[in-house]
1. Look through region A:127-161, keep the residues that are among the hydrophobic types (A, V, I, L, M, F, W, C) and assigned to a strand (DSSP E or B), and return whichever of them is most open to solvent (accessible area, probe 1.4 Å).
2. Go through region B:302-358 and give me each residue that's open to solvent by 40 Å² or more (accessible area, probe 1.4 Å), of a type in the set (Val, Ile, Thr) and within 21 Å of A:Lys573 (Cβ to Cβ).
3. So A:Ile207 fits all but one of (1) open to solvent by 10 Å² or more (accessible area, probe 1.4 Å); (2) more than 31 Å from the chain's Cα centre (by Cα); (3) of a type in the set (A, V, I, L, M); what number is the exception?
4. Which ones in region A:301-329 are surrounded by fewer than 14 Cβ atoms within 10 Å (Cβ to Cβ) and either more than 19 Å from A:Asn360 (Cα to Cα) or β-branched (Val, Ile, Thr) (or both)?
5. Within region B:212-220, is there a residue that is within 13 Å of another protein chain (Cβ to nearest Cβ) and over 19 Å from the mean Cα position of the chain (by Cα)?
6. What tally of residues in region A:392-424 results from selecting those that are closer than 16 Å to A:Val500 by Cβ and part of a helix (DSSP H, G or I)?
7. Does A:Ala495 satisfy the condition of being open to solvent by less than 20 Å² (accessible area, probe 1.4 Å), within 14 Å of chain B (Cβ to nearest Cβ) and in contact with a strand residue (DSSP E or B) (Cβ under 9 Å, 6 or more places away or on another chain)?
Amino acid sequence: MKRENIRNFCIIAHIDHGKSTIADRILERTGSISSRELKSQMLDDMEIERERGITIKLNAVQIKYKYNNEEYFFNLIDTPGHVDFSYEVSRSLAACEGALLVVDASQGIEAQTLANLYLALDNGLKIIPVINKIDLPNADIDKVIKELENIGFSKDEIILTSAKTGEGIDKLLESIVTNIPSPSGDVNHSLRALIFDSLFDSYRGVITSIRVVDGSIKVGDTILMMETGATYEVIGLSINTPKEKEVTSLIAGEVGYLYASIKSITDVKVGDTITLKDNPAASILPGYKEMKPMVYCGLYPIEANKFEDLREALEKLKLNDAALSFEPETSKALGFGFRCGFLGLLHMEIIEERIEREFNIELIATSPSVIYEVLLTDKTKLTIDSPVKMPDRSVISKTYEPYVKASIFSPKEYIGPIMELCQDRRGTFINMDYLDSSRVTIYYEIPLSEIVYDFFDKLKSYSKGYASFDYEFIGYKESNLVKMDILLNGEIVDALSVVVHKDFAYKRGKVVVEKLKEIIPRQLFEVPIQAAIGSHVIARENIKAMRKNVLAKCYGGDITRKKKLLEKQKAGKKRMKQIGSVEVPQEAFLSILSTSDK
Amino acid sequence: MIKSCYIHIPFCNTICSYCDFCKLLYNEKIVDSYLEHLEKEIRSIYKNEILDTIYIGGGTPSSLNLYQLDKLFNILNILKKSDNIEYTIECNFDSITIDKLKLFKKYGINRLSFGLESTIKNNLDILERNISKNMVRKTIKQCRSLGFNNINIDLMYAIPNENIIDLEKDIDFILSLDVEHISTYSLIIEEHTKLYINNTNYISEDLDYEMYKLICNKLNNYNHYEISNFAKEGYYSRHNMCYWKNRKYYGFGLGASSYILDKRINNTKSINKYLEDKYIFDYEKLNKSDIINYEMILGLRLIEGINKEEFYLKYNKNINDLYDLEKLTSQGLIVDNGINIYIPLDKLYISNEILVNFIKE
């Protein structure tokens with residue numbers, strides 16, 4: 001294989017703009033796969049991915065393409081589309097020389113697409129702009145061309161496609177050959193291969209996705225992971241065509257999979273450089289900037305005996321998700337679990353869902369929290385990733401919370417409601433740009449904690465689904481933060497504590513206790529629910545004592561049926577968490593997320 | 001040894017809005033055919049035990065005409081009766097006649113159970129029942145004159161829009177009849193009933209409880225012997241005691257249940273199946289632990305609760321070894337006086353919360 005004939009590229013697109021269908025069509029058109037074999041969205045092989053229509057795990061596939069009697073090898077590296085995964089996007093970008101920027105002809109450019117585009121430009125990638133779904137009746141091609149021109153593309157660079165009908169795909173393939181550069185790097189140098197993904201296979205151990213930058217690697221080589229220092233013998237190398245195909249070696253510019261009976265998950269770090277033990281490279285590849293988790297929450301197994309299973313699940317997920325962090329934590333209310341860090345809310349939801357689905361562990365998740373900074377009166381600085389760790393108010397001098405700059409794209413008719421939403425979330429307006437006569441970008445500075453709750457859902461409902469947004473961390477700002485505890489029957493429920501801005505504490509406390517009153521069923525005795533800052537109660541509701549739970553009549557014909565009814569009640573109780581003497585349904589732990597005033 | 005038998009007569013002249021029992025609108029031909037198959041069922045299952053209680057329930061047994069009732073009693077003469085049998089039939093005020101009462105007397109019926117439910121207009125409208133106080137007074141008088149000295153009246157409460165004054169009127173009226181036994185029910189809106197389909201709402205839990213307290217207070221001249229049952233001394237329903245004491249019983253007829261050997265059997269509710277002599281719908285086979293579960297959830301319905309010695313003799317196990325009673329007694333949910341264990345009166349209305357502790361998987 002000639003290095004000049006290799007093209008490594010990825011696709012940048014907003015959710016639903018057709019990234020995976022374009023990938024499918026490329027596979028089909030190049031004969032990598034017959035249309036009969038083509039399960040829609042071939043690259044997304046996780047169940048959740050296909051259901052949610054988003055790509056959350058990296059995937060690389062090699063495609064052969066004949067052009068002017070030359071055979072070319074495309075490595076298509078799939079990327080996630082959501083803002084939470086910009087870290088994974090940067091991982092894929094590092095393995096590519098080019099990117100397809102796919103924009104929906106009816107929707108135009110979205111905030112996240114733009115963010116990822118800038119990320120790609122920062123990485124020095126060649127961009128091919130693609131307008132997709134041109135077959136849609138509401139496609140507005142001219143408008144989208146203008147948008148692309150506004151961000152620096154020329155009209156003749158742009159390729160029009162319909163992944164659905166196949167129109168434009170040939171032109172796109174040609175453009176990949178002619179516009180995306182072949183990989184640089186020297187086959188004769190010592191081996192340097194970048195690990196850009198990994199996953200755990202029960203038979204082969206850890207499998208890594210690698211991009212060979214310099215030199216070559218073959219089966220039987222003894223490799224050294226330059227950062228972790230681990231050494232292994234290469235058992236196998238393969239490429240994905242998109243069926244897995246064994247190869248004996250990979251050379252500079254190529255992308256493939258490597259396995260080496262790696263049992264210890266911690267030996268493999270995504271972003272690390274692989275070299276040969278006997279002929280090590282002089283310097284390590286630049287890897288990635290480590291993404292720090294922005295959002296934390298406690299994950300607890302509903303069945304206490306599943307704690308170890310949960311640890312194993314988290315370890316396996318971390319393997320190809322370096323941004324996930326976790327450490328054991330204990331809650332009086334919920335028992336043993338893990339404090340987990342995520343890049344954002346979607347990341348959190350997806351991890352929760354994968355644990356429940358792929359590992360069959362039912363979870364209770366506590367209210368998400370960001371990382372706060374606290375300056376104590378003795379000048380010590382603390383970082384707080386859980387409300388439980390918030391020190392007593394008497395020793396706190398100042399509190400700081402993370403802020404983000406939110407860029408919200410929206411049709412102009414929703415400016416009013418969106419600004420109201422941002423204002424409500426303690427946002428500070430920065431400015432507003434008109435992208436064209438009908439669409440705007442609104443910039444706000446907002447505390448991250450306000451976004452962590454249901455900002456995205458609210459934004460969607462305020463804009464009838466049209467607005468999209470992206471955010472970037474801009475730093476910490478001083479803020480009057482307090483820890484708000486929730487007490488049931490006079491006892492603090494640690495899993496329900498939250499950190500809130502003092503001015504919003506009353507409102508929040510009221511909403512939460514009202515919500516809890518709705519969710520927690522009557523108990524054998526009256527139960528007060530209180531929200532308190534320190535010893536100061538700011539909201540209270542009472543759950544009345546249960547008055548009636550009786551089988552009023554029970555005669556011959558009823559007896560088996562009534563026993564079943566009692567068994568059902570007993571099963572219902574088992575699903576509740578016992579907190580002191582109060583039985584609390586699991587939904588109660590999510591109620592703290594509720595911010596609605598109704 | 002089986003000593004009790006239930007007979008189900010599923011026919012009614014009208015269907016009440018709340019009823020989820022096994023019932024059919026009265027049809028003369030179907031009744032005739034039904035009685036034939038009832039006889040077949042009894043003959044194929046009954047093992048000639050001498051019975052202490054027979055209970056004819058429904059539906060509305062009194063909806064049958066005189067000829068059909070005569071036929072029914074002749075069929076029931078297959079059953080051997082002890083000298084002091086309690087022989088009950090359920091009646092409705094709108095279908096009972098002096099001739100039917102006389103027929104009952106002739107065949108040895110010695111206990112009558114009347115569904116009164118309420119006399120308040122709003123309640124009767126919601127329940128879709130028709131009753132007048134005069135009719136009730138007249139019927140009870142006739143029963144007395146014929147020598148019936150064991151009469152039960154059913155009272156229903158917690159009916160939508162009912163208030164505590166309505167209930168007090170109903171109770172006062174029933175008290176004025178001076179019957180031997182009173183059964184009370186808080187309305188349950190069961191699936192597949194007209195009330196359920198019409199999205200009828202329950203009254204508040206708090207009012208429901210107030211009503212129950214009122215009943216318990218006003219019936220203080222009666223023995224409150226089971227969650228919903230009140231009787232004069234010596235007039236407890238012996239048939240129902242058989243259920244609550246977890247004893248075995250036959251159940252014949254459409255939708256009837258029985259407890260025979262180690263099985264709790266439910267008969268089919270499909271009249272077509274029944275008339276093809278396919279009586280059984282399903283059954284639950286019980287092991288010892290299942291039997292004890294039933295013993296507890298049934299026995300704790302009784303105010304006196306469960307006698308610990310009887311329990312030991314029956315199961316060769318100490319009740320205190322089987323359950324963590326101390327936890328429940330310390331919370332005041334169970335009383336253990338050394339002889340009996342029982343649910344205290346003020347916790348009866350939340351007894352499910354307590355009973356779930358006695359169900360073992």
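1. In this case the residue turns out to be A:Leu160.
2. Of everything in region B:302-358, just one residue is open to solvent by 40 Å² or more (accessible area, probe 1.4 Å), of a type in the set (Val, Ile, Thr) and within 21 Å of A:Lys573 (Cβ to Cβ), namely B:Thr329.
3. Condition (2) is where A:Ile207 drops out.
4. A:Glu327, A:Pro328 - these are the residues of region A:301-329 that are surrounded by fewer than 14 Cβ atoms within 10 Å (Cβ to Cβ) and either more than 19 Å from A:Asn360 (Cα to Cα) or β-branched (Val, Ile, Thr) (or both).
5. Scanning region B:212-220, I find at least one residue that is within 13 Å of another protein chain (Cβ to nearest Cβ) and over 19 Å from the mean Cα position of the chain (by Cα), so the answer is yes.
6. 2
7. No; evaluated as a whole, the condition is false for this residue.
A quick yes/no check of all residues on (1) farther than 17 Å from B:Cys242 by Cβ; (2) among the acidic types (Asp, Glu); (3) modelled with pLDDT of 95 or more; (4) open to solvent by less than 60 Å² (accessible area, probe 1.4 Å):
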site	(1), (2), (3), (4)
B:Tyr18	yes, no, no, yes
B:Tyr34	yes, no, yes, yes
B:Glu39	yes, yes, yes, yes
B:Glu49	no, yes, yes, yes
B:Glu90	no, yes, yes, yes
B:Phe93	yes, no, yes, yes
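The values are calculated or read from the model by the stated rules, or taken from the named source; none is laboratory data. Predicted model only: the values in this text are computed from it and were never measured. Cβ sites come from the backbone with ideal geometry, for glycine too, and all protein chains shown count toward neighbours. What goes into the accessible areas is simple: the full protein's heavy atoms, side chains included, and nothing from ligands, DNA or RNA. Shrake-Rupley method; radii C 1.70, N 1.55, O 1.52, S 1.80 Å.
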